[in-house]
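Q: Here it is, the structure, as structure tokens.
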Amino acid sequence: MKDLKAVAYEADDVLDDFEYEALRREVKIGDSTTRKVLGYFTPHSPLLFRVTMSRKLGDVLKKINDLVEEMNKFGLMEHTEAPQLPYRLTHSGLDESADIFGREHDKEVLVKLMLDQHDQQNLQVLPIVGMGGLGKTTLAKMVYNDPIVQKHFQLKMWHCVSENFEPISIVKSIIELATNRKCDLPDSIELLRRRLEGVIDRKRFLLVLDDVWNEDDNKWNEHLRPLLNSVGGPGSIIVITTRNRRVASIMETLQPYKPACLSEDESWELFSKRAFGRDVQEQEDLVTIGKCIVHKCKGLPLALKTMGGLMSSKHQVKEWEAIARSNIGDSVKGKDEILSILKLSYKHLPSEMKQCFTFCAIFCKDYEMEKDMLIQLWIANGFIQEEGTIELSQKGEFVFNELVWRSFLQDVKTILFRSLDYDFVVCKMHDLMHDLAKDVSSECATTEELIQQKAPSEDVWHVQISEGELKQISGSFKGELRSSNS
Ligand SMILES: Nc1ncnc2c1ncn2[C@@H]1O[C@H](COP(=O)(O)OP(=O)(O)OP(=O)(O)O)[C@@H](O)[C@H]1O
Ligand SMILES: [Mg+2]
């Protein structure tokens, strides 16, 4: 498959060269005889172009023939893809607003616990622990946005940690969150401490550190904790979310909170809202099969939401039965269990959406992607094909909405620039969806992965890169890059 993709990209590049040359000839100014004659001796000489291109074309055709021969040896049969979904241009997939089920009680318990710390002199740390996709971040958001919590704390800050638990970068981010301005101090703990004291002072603060993975207790106990402990008023709290019990134990001062999986009823509510939220009717036989599918999701919200999104594209009973028969969630455990469910949903995406989705792994985890830029990148890479009279950008919009509806993309929000009278839409990818995109394709990488050689450079076709980083990694590519986003 990898070879096939590589040769398809190569063929696409050859066609691009032809297109470029045709355009170049169209816009060439002047056509005097001297210019025509001289033209034969420049790098754009038609003669040279013909020779180079026929060689490139010959190479690509040979590679394709070799692959076809190889495929024939395996006796592969042609398979036509299931009919595509009709393009609903008035799709309302963006509205994933706060359809949260079964977490009211958890929220109340946590809010009370936090308020009860109001006269604690020492900084308290409250971990929310549980497996990926369980809803820790969602619960933390509910608590954070609760009006009582908003009023109780004088300063509220949310920082997504993920893999980067560097004390300096966390403190810088805290300063930025507290001041709403970029922190341009040099990386000196002393300078940062003084600025931190200035901005937080004795205010009672709430800091959420989302998605912590740090197992190095030195980083917390020797560096970050003393810094944060020396600022803020009584009752200040850090809430962390983590999948790892050991990570929590390094930081906790309060008992970790472990949200339960959703009950069968809550699970059904979440699943059916998605599955029957569009044009599939909630009929008896689908409900019976749907309950089997829900059972396999074991109360994990991300799995339920994704499966609901998938089933909303299946109208026939036999399609529902086939999915209920699949062995998702039967034998594997933990992260693999949920990944197998997400993978099944991915398998049922139309092929162009598959490409658009996996392309998003070009961005690092938790990156806020701008919708219009994403659609332009999909189009530029040829992932979105023309169809009838629908414009490519409209089709891109549909793909975007569909990926949101099926939970491959999430956290859609509109950012308004009042001063410019301009707004744009951004979204994120759940970290498990990012893992899935990486798992199914190695074509996209972040610069960091290339620098640390975590991604095999010969497989990488797309990378997001800044100008400085470009210098750092130039030379590490064996092949050609198709897209680099800076
Ligand atoms: N109670 C709920 N009702 C409906 N949807 C939910 C609920 N809890 C979580 N979700 C949805 O499930 C997905 C996963 O939730 P979330 O990101 O909070 O999980 P997590 O435990 O933080 O995962 P990770 O460990 O990967 O960070 C999100 O898309 C979220 O919107
Ligand atoms: Mg999370």
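Q: How would you order 60-71, 130-141, 104-115 from highest to lowest mean count of nearby Cβ atoms within 10 Å? All intermediate terms of the calculation are to be shown ahead of the outcome.
A: Numbers: 60-71: 12.8, 130-141: 21.5, 104-115: 15.5.
Peptide ranking by packing, descending: 130-141, 104-115, 60-71.
Q: Here's something else I'd like to know. Take the alpha carbon gyration tensor of the stretch 191-297, find the square roots of its eigenvalues, order them as a ≥ b ≥ c, and report rounded if a/c is under 1.5; if not, report prolate when a/b exceeds b/c, else oblate.
A: Values: a/c = 3.97, a/b = 2.74, b/c = 1.45.
It comes out prolate by the Cα gyration axes.
Q: Considering only DSSP states other than H, G, I, E and B, which chymotrypsin sites (Phe, Trp or Tyr not before Pro) in the stretch 186-221 qualify as loop sites with at most 14 other Cβ atoms within 10 Å? Kindly include the intermediate steps, with their values, before the conclusion.
A: Numbers: sites: F205, W213, W220; in loops: W213.
Filter output for the stretch 186-221: W213.
Q: How big is the convex hull of the Cα atoms of the stretch 104-251, per residue, in Å³?
A: Hull volume normalised by residue count: 103 Å³.
Q: If amide hydrogens are placed 1.01 Å from N in the peptide plane, which non-local residues have theirs closer than 5 Å to the one on C160?
A: When sequence neighbours closer than 5 places are left aside, the close amide H contacts are D210.
Q: Then there is this: Report the residues of the stretch 406-431 in range of a label on K182: point 7 Å along Cα→C-beta, backbone N strictly under 11 Å from it.
A: Answer for the stretch 406-431: none.
Q: Using a probe of 1.4 angstrom, how much of the accessible area of the stretch 300-387 is carbon and sulfur, in percent?
A: Numbers: 1670 of 3480 Å².
Whole-percent figure for carbon plus sulfur exposure: 48.
Q: Over all distinct alpha-carbon pairs, what is the Kirkwood Rh of the stretch 274-407 in angstrom? Walk me through the intermediate numbers first.
A: Working: mean 1/r = 0.0621 Å⁻¹.
Result for the stretch 274-407, one decimal place: 16.1 Å.
Q: Please name whichever of P301, A324, A361 sits farthest to the positive end of the charge dipole of the stretch 300-400, dipole taken about the Cα centre and charges placed at Cβ: Lys and Arg +1, Asp and Glu -1.
A: So the residue furthest toward the plus end is A324.
Q: Apply the Karplus parameterisation 6.51 cos²θ - 1.76 cosθ + 1.60, with θ equal to phi minus 60°, to every residue of the stretch 232-249 and state each ³J(HN,Hα) to the nearest whole Hz, in sequence, with x for glycine and proline.
A: Those phi angles translate into x, x, x, x, 5, 9, 10, 9, 10, 10, 7, 7, 10, 4, 5, 4, 5, 5 Hz.
Q: Using 1/(1 + (r/R0)^6) with R0 = 60 angstrom and r between the beta carbons of R24 and Q316, what's the FRET efficiency to the nearest 0.05?
A: On the way: r = 51 Å, r/R0 = 0.85.
Taking R0 as 60 Å, the efficiency between R24 and Q316 is 0.75.
Q: Moving on to the next point. Can you bin every Cα-Cα distance in the stretch 264-347 into 10 Å intervals starting at zero and give me the percent of pairs per bin, rounded to whole numbers?
A: Taking every Cα pair in the stretch 264-347, the percentages come to 19, 59, 21, 1.
Q: In what sequence, highest mean first, do 12-19, 390-397 appear when ranked by Cβ atoms within 10 angstrom?
A: Values: 12-19: 13.1, 390-397: 16.4.
Peptide ranking by packing, descending: 390-397, 12-19.
Q: Rounded to the nearest 0.05, what FRET efficiency do V440 and D119 give with R0 = 56 Å and r taken as the Cβ-Cβ distance? Could you check? Present the calculation step by step, with values, prior to reporting the outcome.
A: On the way: r = 52 Å, r/R0 = 0.92.
The pair V440/D119 has a calculated efficiency of 0.60.
Q: With the calculation restricted to Cα positions, what are the radius of gyration and Dmax of the stretch 133-176 in angstrom?
A: For the stretch 133-176, the Cα-based Rg and Dmax read 12.5, 31 Å.
The values are calculated or read from the model by the stated rules, or taken from the named source; none is laboratory data. Worth saying up front: this structure is predicted, and the values here are computed from it rather than measured. Ideal geometry is used to build each Cβ from the backbone, glycine not excepted, and the neighbour counts take in all protein chains shown. Accessible surface is based on the protein model in full, side chains and every heavy atom, while ligands, DNA and RNA are left aside. Shrake-Rupley method; radii C 1.70, N 1.55, O 1.52, S 1.80 Å.
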